[in-house]
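Encoded as structure tokens, the structure appears first; notes follow it.
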Amino acid sequence: KHTTIMMATLTKAFKPILGRQLGNTAKLFPGLSCTCNTPTECLFIVYLQPPPAKYGGRHTVTLIPGDGIGPELLNHVRELFRFSCVPVDFEVVHVNSASTSEDDINNAIMAIRRNGVALKGNVETNHTMPPNHKSRNNLLRTSLDLYANMMHCQSLPGVQTRHKNIDIIIIRENTEGEYSNLEHESVSGVVESLKIITRNNSLRIADYAFRLARDKGRRRVTAVHKANIMKLGDGLFLQCCKEVASGYPDIEFDSMIVDNTTMQLVSKPHQFDVMVMPNLYGNVVSNVCAGLVGGPGLVPGANYGRDYAVFETATRNTGKSIANRNIANPTAMLLASCLMLDHLKLHDYANMIRGAILTTMNETRLHTVDIGGQGTTSEVVQSIMRIIQSGGPLTTEI
Amino acid sequence: MILRIIKILKVLGIGYRIFCYLTHTFLSIQTVTLIPGDGIGPEISTAVMKIFEAAKAPIQWEERNVTAIKGPGGRWMIPPEAKESMNKNKIGLKGPLKTPIAAGHPSMNLLLRKTFDLYANVRPCVSIEGYKTPYTDVDLVTIRENTEGEYSGIEHLIVDGVVQSIKLITEEASRRIAEYAFEYARNNQRTSVTAVHKANIMRMSDGLFLRKCREVAENYKDVKFTEMYLDTVCLNMVQDPSHFDVLVMPNLYGDILSDLCAGLIGGLGVTPSGNIGANGVAIFESVHGTAPDIAGKDLANPTALLLSAVMMLRHMGLHGYAKKIETACFDTIRDEKVLTKDLGGNAKCSEFTADICRRVQDMD
């Protein structure tokens, strides 16, 4: 009792200093028994959200180059940021996909815990390695509990696609489901893979989806599932979505079975607004939508957790076949870096770069090979830098 | 006296059977089990029978109904006449079957699958000229493993709020489906087979599936074998479906991809489908629903069932008749004069059928 009162007093004392941060995230646990005697010791029991890695007005962001086209695209991002004088410094952490030890990825995770925000390329997973060699990207997502993957698919005006004016937000559960890495061979020749669905995670992702829909002024959330076959698993997911939906009466909620969803996406994509789904279906649907708006080179993706955020391309391709040939499309990675700037509350810089990218997209001459043009990556980045320079704010030389 | 009558009847009965046997061998008329189904099922089955008659195809139909009945031991099963007929004829054509929601028995499709061990679901997706979709150059086949995988139905509630579903992959089933896929590719002059998987995440299960596919590919050197991640396939399929030929995959990916491909060519109303089982049994079906709202009103579109029947003819080796009926059907759709409502016209089912029959007869 003595401790609880102490903690309550402390919270009240620190509230004006630490402001909103403390108010939202400090958790007081009634009935907590601890034997600390001084107020300083008690301070460490109160949970605080890690402060942003911002010193002298400059943010520090972890950068993981990855494999394939990751390193070259992230170099372009760094060049662009340096050119536009964006107050972001990158802490580069390399992850070697060929090594069997997990030290590299653990270093990367520690760096992200330190900085809070990361920008990454895809780390390749060699699927001929034995099962105890887990996917590095998956390890990163589960260790940092980045539970929500958000992908905003928008048709870009300058790009030719079969369907026009698509605007779908896809929210995918990022930590459990089919990606639990729990497999065993009970009898020789029979392999079982476990798909885990938990109530907590399903509620969390549904809540994220509805809050996002409300913040962005969206009208409808669709849950994608296969509950007619996986009655318990996807049934639980659907039930959690329904529960959360009842708390948001202003937003319409409906559900659709995943195979019907893919069929509808290729014939009538305009009926979808915000979609929320478990892990594997999210993989399929996000790739279908990325294909609909013009390909993997155009769509950025963001992974949000409670404390951390990691930004990357939405379809997570390594692009080994086009690496180091100067033909990769930098749009997805650059738009991902704009999402990161928005997360760091550097909205002016984000809007400036985004505007320059969209203006460049309108020039068919500068389209890269994947969207039907002949341009090179460096030409696209040069054009973006030129547009930013002509826009007026302080820049270094090209 | 009575005994004499009975003897005469027996002789006549045997005589009839000998007559049937002779016609079957010399005129090579094959009997096919027809399951009309529910809703629009009967109308579209009648349409298909009419078209086959007009084409003078050597097919004799044996109609059977399937409803779930409780057999000995409390297990649900299909009526024994239907089962016997299928086992005798080996080939079946099925219309849409409805699954009532709280019936207490599993879906009819599932029952059929279990009864005849239908392990492969084959769906050829070819763009139909005359039925415009944004995708015009689709020509691929999806072969889906139909018995295990994610649809094994094994689920447990571990603790309150945590559910686990088990995805089962076995060596035997993977080998069987891979062998069927390569056989199909060889018999239908397809150049490549692509295995679709997610082995970077599900290392052991999809890894086993891939290993079996690779082993089977060794015996079919004339067919090219590639492997591709599920997400890459989806991405490329939506941008350029002409890159794909035959796709083979486990149950869930197959479910999603086969419906995706059906969506590319225009939906379930124009997509044929076949289920291949052990012991040479094959059931061809239309995969759309029973459409109870238009049942009995002569508005249904028989294209899906007709194309499935064409697939059946090809399976039986009657390529000439298959080509004739398929060309007639595509010509009718391409002409765009007599189309049912879902294809964009306002003709009746009987008019659509009559047009196809006319074209078939003109071709002779």
Next on the checklist: Within the stretch A:365-379, does at least one residue satisfy the condition of being within 14 Å of chain B (Cβ to nearest Cβ), small (Gly, Ala, Ser) and closer than 30 Å to residue B:252 by Cα?
Outcome noted: no
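Has the stretch B:118-129 got any residue that is surrounded by fewer than 16 Cβ atoms within 10 Å (Cβ to Cβ), more than 18 Å from the chain's Cα centre (by Cα) and not assigned by the TED database to the domain that holds residue B:184? Can you show your working first?
Let us first name the residues in the stretch B:118-129 that are surrounded by fewer than 16 Cβ atoms within 10 Å (Cβ to Cβ), namely B:129.
In the following step, the residues that additionally are more than 18 Å from the chain's Cα centre (by Cα) were identified as B:129.
Going one step further and asking which of them are not assigned by the TED database to the domain that holds residue B:184, we end up with B:129.
The answer is yes, given that some residue of the stretch B:118-129 is surrounded by fewer than 16 Cβ atoms within 10 Å (Cβ to Cβ), more than 18 Å from the chain's Cα centre (by Cα) and not assigned by the TED database to the domain that holds residue B:184.
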Checklist entry - Looking at the stretch A:109-163, which of its residues are of a type in the set (Lys, Arg) and under 28 Å from residue A:331 (Cβ atoms)? => result A:120, A:136, A:141, A:162
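Can you give me the number of residues within the stretch A:156-172 that are under 22 Å from residue A:209 (Cβ atoms) and surrounded by 17 or more Cβ atoms within 10 Å (Cβ to Cβ)? Lay out the reasoning, then the answer.
Going through the stretch A:156-172, the residues under 22 Å from residue A:209 (Cβ atoms) turn out to be A:166-172.
When the remaining residues are screened for being surrounded by 17 or more Cβ atoms within 10 Å (Cβ to Cβ), the result is A:166, A:168-172.
Within the stretch A:156-172, residues that are under 22 Å from residue A:209 (Cβ atoms) and surrounded by 17 or more Cβ atoms within 10 Å (Cβ to Cβ) number 6.
Would you list the strands (runs of 3 or more DSSP E) that sit entirely within the stretch A:62-154 and hold 1 or more residues that are over 23 Å from residue B:199 (Cα atoms) and among the polar types (S, T, N, Q)?
Working: elements: A:88-92, A:117-120, A:148-154.
Once the strands (runs of 3 or more DSSP E) in the stretch A:62-154 are filtered for at least 1 residues that are over 23 Å from residue B:199 (Cα atoms) and among the polar types (S, T, N, Q), what remains is A:148-154.
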Checklist entry - Residue check: is residue A:312 in contact with a Lys or Arg (Cβ under 8 Å, 6 or more places away or on another chain) and either touching a residue at least 24 places away in the same chain (Cβ under 8 Å) or not charged (D, E, K, R) (or both)? => result yes
Next on the checklist: For residue A:277, only one of the following conditions fails: (1) free of Cβ contacts under 8 Å to residues at least 40 places away in the same chain; (2) more than 9 Å from every other protein chain (Cβ to nearest Cβ). What is its number?
Outcome noted: (1)
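With the requirement that a residue be in contact (Cβ under 8 Å) with a residue 40 or more places away in the chain and either within 11 Å of chain B (Cβ to nearest Cβ) or charged (D, E, K, R) (or both), what does the stretch A:203-232 give you? So that I can check it myself, show each step before the final result.
Let us first name the residues in the stretch A:203-232 that are in contact (Cβ under 8 Å) with a residue 40 or more places away in the chain, namely A:203-206, A:208-210, A:212-213, A:216, A:218-226.
Selection gives A:203, A:204, A:216, A:218, A:219, A:220, A:224, A:226.
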Next on the checklist: Tell me the residue from A:295, A:373 that is assigned to a loop (DSSP other than H, G, I, E, B) and on the phi > 0 side of the Ramachandran plot, please.
Outcome noted: A:295
Checklist entry - What is the number of the single condition among (1) at pLDDT below 95; (2) over 30 Å from residue B:171 (Cβ atoms); (3) facing another protein chain (nearest Cβ under 8 Å) that residue A:268 does not meet? => result (3)
Checklist entry - Take the residues of the stretch B:144-171 that are more than 7 Å from every other protein chain (Cβ to nearest Cβ) and either without any contact (Cβ under 8 Å) to a residue 40 or more places away in the chain or among the β-branched types (Val, Ile, Thr) (or both): which is surrounded by the most Cβ atoms within 10 Å (Cβ to Cβ)? => result B:147
Item to check | Odd one out for residue A:204 among (1) in a helix (DSSP H, G or I); (2) among the basic types (Lys, Arg); (3) surrounded by 23 or more Cβ atoms within 10 Å (Cβ to Cβ) | outcome: (3)
Item to check | Of all residues in the stretch B:234-245 being surrounded by fewer than 24 Cβ atoms within 10 Å (Cβ to Cβ) and touching a Leu at 6+ places or on another chain (Cβ under 8 Å), the one that is nearest to the other protein chains (Cβ to nearest Cβ) | outcome: B:241
Next on the checklist: Here is a check on your reading of the model: is residue A:374 farther than 21 Å from residue A:299 by Cβ, crowded, with 16+ Cβ neighbours inside 10 Å and polar (S, T, N, Q)?
Outcome noted: no
Checklist entry - So which residues in the stretch A:333-357 are farther than 16 Å from residue A:388 by Cβ and either among the polar types (S, T, N, Q) or in contact (Cβ under 8 Å) with a residue 60 or more places away in the chain (or both)? => result A:333, A:336, A:340, A:343, A:344
Checklist outcome for this item: By residue number, the members of the stretch B:185-199 that are surrounded by 22 or more Cβ atoms within 10 Å (Cβ to Cβ) and more than 30 Å from residue A:316 (Cα to Cα) are B:185
Checklist entry - Taking the stretch A:158-197, which residues are β-branched (Val, Ile, Thr), within 23 Å of residue A:266 (Cα to Cα) and within 11 Å of another protein chain (Cβ to nearest Cβ)? => result A:161
Checklist outcome for this item: Per the filter on the stretch B:270-316, residues within 16 Å of the chain's Cα centre (by Cα) and either part of a loop (DSSP other than H, G, I, E, B) or not assigned by the TED database to the domain that holds residue B:90 (or both) are B:271, B:281, B:287, B:288, B:289, B:290, B:302
Checklist entry - Taking the stretch A:236-263, which residues are surrounded by fewer than 18 Cβ atoms within 10 Å (Cβ to Cβ) and in a helix (DSSP H, G or I)? => result A:239, A:242, A:243, A:260
Checklist entry - Of the numbered conditions (1) assigned to a loop (DSSP other than H, G, I, E, B); (2) of a type outside the set (Ser, Thr, Tyr); (3) within 10 Å of chain B (Cβ to nearest Cβ), residue A:306 satisfies every one except a single condition; which is it? => result (3)
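Among the listed residues B:264, B:247, which satisfies the condition of being touching a Cys at 6+ places or on another chain (Cβ under 9 Å), closer than 26 Å to residue B:128 by Cα, in contact (Cβ under 8 Å) with a residue 40 or more places away in the chain and assigned to a helix (DSSP H, G or I)?
Working: B:247 fails: assigned to a helix (DSSP H, G or I).
Going through B:264, B:247 in turn, just one is touching a Cys at 6+ places or on another chain (Cβ under 9 Å), closer than 26 Å to residue B:128 by Cα, in contact (Cβ under 8 Å) with a residue 40 or more places away in the chain and assigned to a helix (DSSP H, G or I): B:264.
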Checklist entry - Just one of the numbered conditions (1) among the acidic types (Asp, Glu); (2) modelled with pLDDT under 95; (3) closer than 30 Å to residue A:200 by Cα is not true of residue A:348; which one? => result (3)
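The values are calculated or read from the model by the stated rules, or taken from the named source; none is laboratory data. Fair warning: this is a prediction, and the values are worked out from it, not measured in the lab. Positions of Cβ are generated from backbone atoms using ideal geometry, with glycine treated the same way; all protein chains shown enter the neighbour counts.
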